[in-house]
Amino acid sequence: MNLELSPEDLAFRDELREFFAGAVRPEYRTAIRAGLRPTPQQLTEWQATLAERGWGAPTWPKEYGGTGWTPTQLYIFETEAARADAPIQFHQGLELIGPIIFTFGTDDQKERYLPRIISGEDWWCQGYSEPGAGSDLAALSTRAVRDGDHYVINGQKMWTSYAHVASHMFCLVRTSKEERRQQGISLILVDMNTPGIKIRPVETLDEKHHTNEVFLDDVRVPVSNLLGEEGKGWGYGKVLLDRERAVGASTALRLRSQVDAIYSAARRIPFGGATLADTPAVATQLAQLEIEALTIETMVMRLMADAAAGVDSGPRASMLKLRWSETLQKVTELWTEVLGYDAAVFEDLSGEGVPEDMPLALQGALYARVTSIYGGSSEIQRNIIARRSLGL
Amino acid sequence: MNLDLTEDQSMLADSIERFGTERWPAADRWRLLREAGAKGVPELWGEIAELGWLMIPFAEEQGGLGGSFDDAMVLASGIGKHLLPVPVSTNAVLVAPLLKDCPAEFLEDVMTGKVRVALALGDGDSRFDHLNVATTAERTGAGYTLNGVKNFVADGGDADHFIVPARTSGSGAELEGISLFLLSRESDGLTVETYRSIDNHRHCRLRLSGAETGSARLLGEEGKGGLPLGMAVKGGVLAQCAEAVGAMDALCNLTLEYLKTRSQFGQPIGTFQSLQHRMVDMFIAYEEAYSITVRATLEAKEGVMDRGRMASAAKAKVGQTSLFVARQAIQLHGGIGTSDESVVSHYLRRLTMLDMALGNASHHLQRFAAIA
Ligand SMILES: Cc1cc2nc3c(=O)[nH]c(=O)nc-3n(C[C@H](O)[C@H](O)[C@H](O)COP(=O)(O)OP(=O)(O)OC[C@H]3O[C@@H](n4cnc5c(N)ncnc54)[C@H](O)[C@@H]3O)c2cc1C
């Protein structure tokens, strides 16, 4: 066992460091440190920047335009990205549908979709959840009925993030009624310009528009847009479990710079002849959070080591998601707390400007509530660990 | 010992319940706020004044209804329960005792909602220490000239007058030498910067550079404002605790209802044991918050002089428990709890700001320890 990087890894790290230093726009920094995503335009720009350098799909194999990096290289990439406050690449195309397409898709689908995911020309949104199917996804009721060369889709998707900017949606629909609810579900790729799609914005508690309701009314999609076999859509989701490692790693490695952001805020605030960062109450809370961040970082290393060795990570990805979301919530809460009365300035009404890291810190604290709900709620993650790993 | 509401208090609670349910239904809050837009809903202030609620925190000598702490608690908790966007805790309870020597006509205007008064806090670098006043008042001619910055005038966004603590002598957090001034929003040398917080309350920042005031605008005696200021803040803290407790009550009940009606995996989610236990913890948190708030309120009413230690205990405990309840209420609602449309998220936003205003839980925890 050792933590040392080989000379090649070190050279790779330096190359990344140099690239990020030149490519990352400093104006994204505060938002990123508050756990917020840059705007879709900024994310698309960032994706294009990486693609130009050949690093648009860090987790994909070379044959599909990916980097073919080893888990160690990927870890180094994510660590350096975090260190530079680079935007986190939007994952729904890159980590969720892309890998399903290159694993189960037809050659035509691979050619049509994969390069444009890497270049950032296409934006994919995920149409899984419905009003009646959240944690219990298999309860989904959106239906696709075959009509000649087309599927006709009717139903409603809920919480479809970025549907309002997406060019495509990958959608779970029911194509037949079977004994087991998980059967008869198909995965269909939908062009968002298809007639019959209506999008209603759903604002979240940070007063921002990230997500939507999507209504599908007689939406006709060519049969060639079916991914894999009809009725086998549920199973393709399983390939995602592996990808969660990558998604988890890219977000969890940000915690340390998020803690740093509070530290800088606290150091800017004069208090009792010193700064707020010097008070024992704030200093110990920051120390606690830094310890959490270090621990989580090491959990990511273990996941990467599993991946390198090609072994099953068991419950580790779920554990990581749980601890990351809970820690992010604590971090952003402390940031808000540190700001004191400045945290009340969410919107300026008289043209005088708002304090430097507001309202982003509070927006971050509010939006962080979402992280323990989406992508499998904390309760569901605990159920998974209890059932699948502990045999309870 | 009797912890029950009096008959008058029960009637007050009922009348707030009616007003909240009919005039400001929780389920419509999002739409009502949208329709109101940037100007907010200032008309509600006049409506509650008409119901006489603004007289509650004022003493009988001032033409009010007695100014008792437990009446204010009943009022504030009803407002918190319905998330009424009326800053009673700040524009009435907090300022009432400081206005006691004002002319009768002025007091009448305040109690009928014609004139709004807000207390200026957040002096320079003082953070949550409200007796740490750096703003200065210098005697000039017939009056005083004020200089300094007040970062947080609680619900001062629509106020016509500000109560401004300023130093006529002394320094730092010394009690002696703090004087209280009543300043009109239109005063020369005063810049008012208005802002909105995430709970849709409207506050402001004051920049005082040579703001002038006639001596008639001094509230109470010169240099003796520290003690009344501390007492007023205590009343405000208790009212805010009550508001939070009211909000927790509503949150616990609407979450309980949701657990019984939302189904996943073919059964109500309230049948999952992990959620049952969480729900129980939320009700326990509410019970705790209510208990400590009642105790601090009744001790204040009985005149126990403890330098605000019990009020700090309540503010710390209520801050912790109310945020726990609000965050869990969202968690148990799943995605819907995070939407702007759902009232659940509005409670979290209000409780986040209630925790902060007049000092957050960690500030009051430290204060509690320091007074021991
Ligand atoms: C901002 C946001 C963005 C999203 N983006 C997308 C997206 O792009 N695409 C997409 O498809 N979906 C998206 N989602 C949906 C998300 O995946 C769901 O919200 C999530 O799966 C939870 O479902 P639900 O909201 O219906 O809550 P419910 O499933 O109704 O859960 C309510 C509560 O019950 C608990 N619960 C449910 N079942 C159990 C159980 N068996 N045991 C114990 N507790 C249980 C939950 O943990 C939760 O606390 C998004 C959600 C949000 C809030």
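The values are calculated or read from the model by the stated rules, or taken from the named source; none is laboratory data. These numbers were taken from a predicted model, which means no experiment stands behind them. We place every Cβ from the backbone using ideal geometry, glycine too, and count neighbours over all the protein chains shown. For the accessible areas, the whole protein counts, side chains as well, though only heavy atoms, and no ligand, DNA or RNA atoms are used. Shrake-Rupley method; radii C 1.70, N 1.55, O 1.52, S 1.80 Å.
Name the residue, out of B:ASN132, B:ASN91, B:ASN151, that is open to solvent by 10 Å² or more (accessible area, probe 1.4 Å) and either in a helix (DSSP H, G or I) or farther than 19 Å from B:GLY230 by Cβ (or both).
B:ASN151
Just to check your reading of the model, which residue among B:LEU208, B:LEU229 is in contact with a strand residue (DSSP E or B) (Cβ under 6 Å, 6 or more places away or on another chain), on the phi < 0 side of the Ramachandran plot and part of a strand (DSSP E or B)?
B:LEU208
Going by the conditions given, is A:ARG388 within 10 Å of chain B (Cβ to nearest Cβ) and among the basic types (Lys, Arg)?
The answer is no for A:ARG388.
Here are the criteria: (1) open to solvent by 30 Å² or more (accessible area, probe 1.4 Å); (2) away from the ligand (no atom under 16 Å from the Cβ); (3) over 24 Å from A:ALA308 (Cβ atoms). Tell me which single one A:GLY65 does not satisfy.
For A:GLY65, the failing item is (3).
Collect the residues in the range B:318-339 that are more than 7 Å from the ligand (Cβ to nearest atom), at the interface with chain A (Cβ under 8 Å from one of its Cβ atoms) and crowded, with 24+ Cβ neighbours inside 10 Å, keeping them in residue-number order.
B:ILE330, B:GLY337
Report whether or not B:LEU119 is open to solvent by less than 40 Å² (accessible area, probe 1.4 Å) and either under 29 Å from B:ARG307 (Cα atoms) or not assigned by TED's automatic domain parsing to the domain that holds B:GLU17 (or both).
yes
Return the residues of the range A:133-156 that are near the ligand (Cβ under 8 Å from one of its atoms) and part of a loop (DSSP other than H, G, I, E, B); say none if nothing qualifies.
A:GLY134, A:SER135, A:ASP136
Tell me the residue from A:GLU121, A:GLU111 that is in a loop (DSSP other than H, G, I, E, B) and more than 16 Å from the ligand (Cβ to nearest atom), please.
Criteria check complete, one pass: A:GLU121.
Of the numbered conditions (1) more than 10 Å from chain A (Cβ to nearest Cβ); (2) outside any helix (DSSP H, G or I); (3) within 30 Å of A:LEU137 (Cα to Cα), B:MET305 satisfies every one except a single condition; which is it?
(3)
Tell me, yes or no, whether the range A:71-85 has at least one residue that is free of Cβ contacts under 8 Å to residues at least 12 places away in the same chain and either farther than 30 Å from A:LEU334 by Cβ or not assigned by TED's automatic domain parsing to the domain that holds A:ILE185 (or both).
no
Go through the residues of the range A:321-336 one by one and say whether even a single one is over 20 Å from A:LEU253 (Cβ atoms) and more than 7 Å from chain B (Cβ to nearest Cβ).
yes
Working carefully through the options B:SER362, B:SER274, B:SER342, find the one that is open to solvent by 40 Å² or more (accessible area, probe 1.4 Å), within 14 Å of chain A (Cβ to nearest Cβ) and of a type in the set (S, T, N, Q).
Result: B:SER274 is the single residue among B:SER362, B:SER274, B:SER342 that is open to solvent by 40 Å² or more (accessible area, probe 1.4 Å), within 14 Å of chain A (Cβ to nearest Cβ) and of a type in the set (S, T, N, Q).
Look through the range A:157-180, keep the residues that are within 12 Å of the ligand (Cβ to nearest atom) and either among the aromatic types (Phe, Trp, Tyr) or assigned to a strand (DSSP E or B) (or both), and return whichever of them is most open to solvent (accessible area, probe 1.4 Å).
So the residue we want is A:TRP159.
Based on this model, can you work out whether B:SER322 counts as touching a Gly at 6+ places or on another chain (Cβ under 9 Å) and either of a type in the set (A, V, I, L, M, F, W, C) or not assigned by TED's automatic domain parsing to the domain that holds B:LYS81 (or both)?
no
Somewhere in the range B:215-231, is a residue in contact (Cβ under 8 Å) with a residue 12 or more places away in the chain, within 14 Å of chain A (Cβ to nearest Cβ) and among the basic types (Lys, Arg)?
no
Among the strands (runs of 3 or more DSSP E) lying completely within the range B:157-198, list those that include at least 1 residues that are within 13 Å of chain A (Cβ to nearest Cβ).
Strands (runs of 3 or more DSSP E) meeting the threshold: B:190-196.
Kindly indicate which of B:LEU107, B:LEU84 is closer than 27 Å to B:VAL294 by Cα and either at pLDDT 95 or above or surrounded by fewer than 22 Cβ atoms within 10 Å (Cβ to Cβ) (or both).
B:LEU84
From A:LEU286, A:LEU294, which residue is at pLDDT 95 or above and either outside any helix (DSSP H, G or I) or open to solvent by 30 Å² or more (accessible area, probe 1.4 Å) (or both)?
Answer to the selection: A:LEU294.
Just to be sure I understand, how many residues within the range A:181-192 are assigned to a loop (DSSP other than H, G, I, E, B) and either not aliphatic (A, V, I, L, M) or not assigned by TED's automatic domain parsing to the domain that holds A:SER135 (or both)?
4
Output yes when any residue across the range A:233-248 is touching a residue at least 24 places away in the same chain (Cβ under 8 Å) and either in a strand (DSSP E or B) or within 14 Å of chain B (Cβ to nearest Cβ) (or both), and no when none is.
No: zero hits.
Being away from the ligand (no atom under 16 Å from the Cβ) and open to solvent by 20 Å² or more (accessible area, probe 1.4 Å) narrows it down to one of A:ARG37, A:ARG33, so name that one.
Selected residue: A:ARG33, the only one of A:ARG37, A:ARG33 that is away from the ligand (no atom under 16 Å from the Cβ) and open to solvent by 20 Å² or more (accessible area, probe 1.4 Å).
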